[in-house]
Each structure stands twice: as structure tokens, then as C-alpha cells.
Amino acid sequence: MSTIMQSIDKAYIEQLSANKAEIPDFAPGDTVEVAVVVVEGQKSRIQKFTGVCIARKNDGFNSNFTVRKISDGVGVERVFPLYSPSVESIKLVRRGAVRRAKLYYLRELRGKAARITEKREWDTNTSEAASN
């Protein structure tokens with residue numbers, strides 16, 4: 001029975017992915033900018049929500065991710081379904097170096113303690129050239 005649901009989920013994900021931009025490979029700790037379609041009455045607009053991804057749940061079509069930001073000194077978290085039609089695009093702003101899959105501990109931290117260090121990509125070619 002689960003294989004039937006998996007095949008339906010896969011077909012639906014492929015259908016949605018054809019209409020949208022490609023989803024970047026991001027993980028908890030990364031700063032992302034999510035463009036969401038907001039409908040107010042007859043009008044619709046795109047609202048950008050930029051923050052740190054603190055959790056990600058990979059469950060096929062039901063996949064979602066949680067983004068946290070500080071707005072006017074108040075912590076704001078939003079859970080976005082990954083394959084929702086209301087999510088216009090997801091842009092990776094910067095990578096973060098963390099060692100946990102769920103960063104719920106950031107809820108209790110304030111100020112500089114809540115910062116996440118940036119993940120550095122080491123280039124092996126430049127280090128070899130510097131040693132010669």
C-alpha cells in the first residue's frame with residue numbers, strides 16, 4: 001500500500017517541480033530567503049521571508065522546513081511546505097556550520113549567542129599552490 005502512495009507522491013512532486021524553479025540543496029543552519037505568494041482579497045503579492053532554517057522534515061510530498069528570524073526583537077518562525085504552490089521560490093543566502101539536525105536551542109539564545117558561523121568551502125588547489 002505504501003508503494004502506491006509513494007508513486008502518487010512522486011508523480012505529484014514531478015508535476016509541481018515542472019512549474020517551479022529548482023529547490024536548492026539547503027540544510028538546517030543555512031540562511032534562506034523564501035518568496036511566498038500572499039493573497040489579500042482580490043490582489044496577490046510576493047512576500048519574502050529571510051531567516052535561518054532551524055529544521056527540515058523530508059517526507060516526500062509532505063516535506064517541510066522551518067525558518068526563524070528576529071523581527072523587531074521578537075522571534076518569528078514559519079513552517080513552509082516544500083512543495084506548496086504558495087512557495088514561489090527558495091534562495092540560499094549563506095551556508096551555516098552546525099552539528100545538529102534540529103536547531104530548536106536557538107529559541108532560547110539572544111543576540112550574538114544566536115549567531116551561526118558560516119561554513120567555509122576549502123579549495124584544495126589554492127592550498128597546494130601556496131605550499132609550493
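The values are calculated or read from the model by the stated rules, or taken from the named source; none is laboratory data. All values reported here derive from a predicted model rather than from experimental measurement. A quick note on method: Cβ atoms are made from the backbone with ideal geometry, for glycine too, and the neighbour counts reach across all protein chains shown.
How many residues are exposed (fewer than 11 other Cβ atoms within 10 Å of the Cβ) and either touching a His at 6+ places or on another chain (Cβ under 7 Å) or among the basic types (K, R) (or both) if we restrict to the stretch 111-127?
Residues in the stretch 111-127 being exposed (fewer than 11 other Cβ atoms within 10 Å of the Cβ) and either touching a His at 6+ places or on another chain (Cβ under 7 Å) or among the basic types (K, R) (or both): 2 in total.
For A113, are the conditions met, namely being modelled with pLDDT of 90 or more and farther than 22 Å from Q15 by Cβ?
Judged against the criteria, A113 is not a match.
Considering only the stretch 61-77, how many residues are in contact (Cβ under 8 Å) with a residue 24 or more places away in the chain and either exposed (fewer than 11 other Cβ atoms within 10 Å of the Cβ) or touching a helix residue (DSSP H, G or I) at 6+ places or on another chain (Cβ under 7 Å) (or both)?
Result for the stretch 61-77: 3.
Residues checked against (1) modelled with pLDDT under 90; (2) out of contact with any Phe, Trp or Tyr (no Cβ under 9 Å at 6 or more places or on another chain):
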residue	(1), (2)
K20	yes, no
V32	no, no
S63	yes, no
V93	no, yes
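Every residue in the stretch 78-90 that is part of a loop (DSSP other than H, G, I, E, B), among the hydroxyl-bearing types (S, T, Y) and in contact (Cβ under 8 Å) with a residue 12 or more places away in the chain, please.
Residues satisfying the conditions are Y83, S86.
Could you figure out which of (1) modelled with pLDDT under 90; (2) within 30 Å of D9 (Cα to Cα); (3) among the acidic types (D, E) isn't true of D123?
It is condition (2) that D123 fails.
Looking at (1) touching a strand residue (DSSP E or B) at 6+ places or on another chain (Cβ under 9 Å); (2) at pLDDT below 90; (3) of a type outside the set (S, T, Y), which is the only condition V37 fails?
Tallying (1) touching a strand residue (DSSP E or B) at 6+ places or on another chain (Cβ under 9 Å); (2) at pLDDT below 90; (3) of a type outside the set (S, T, Y), V37 fails exactly one: (2).
Test of understanding: among V37, V67, which residue is within 19 Å of R95 (Cα to Cα) and touching an Asp or Glu at 6+ places or on another chain (Cβ under 9 Å)?
Criteria check complete, one pass: V67.
Out of curiosity, is R100 farther than 29 Å from L16 by Cβ and touching a residue at least 60 places away in the same chain (Cβ under 8 Å)?
The answer is yes for R100.
Look at I116 and say whether it is in contact (Cβ under 8 Å) with a residue 12 or more places away in the chain, of a type outside the set (S, T, N, Q) and part of a loop (DSSP other than H, G, I, E, B).
In short, yes.
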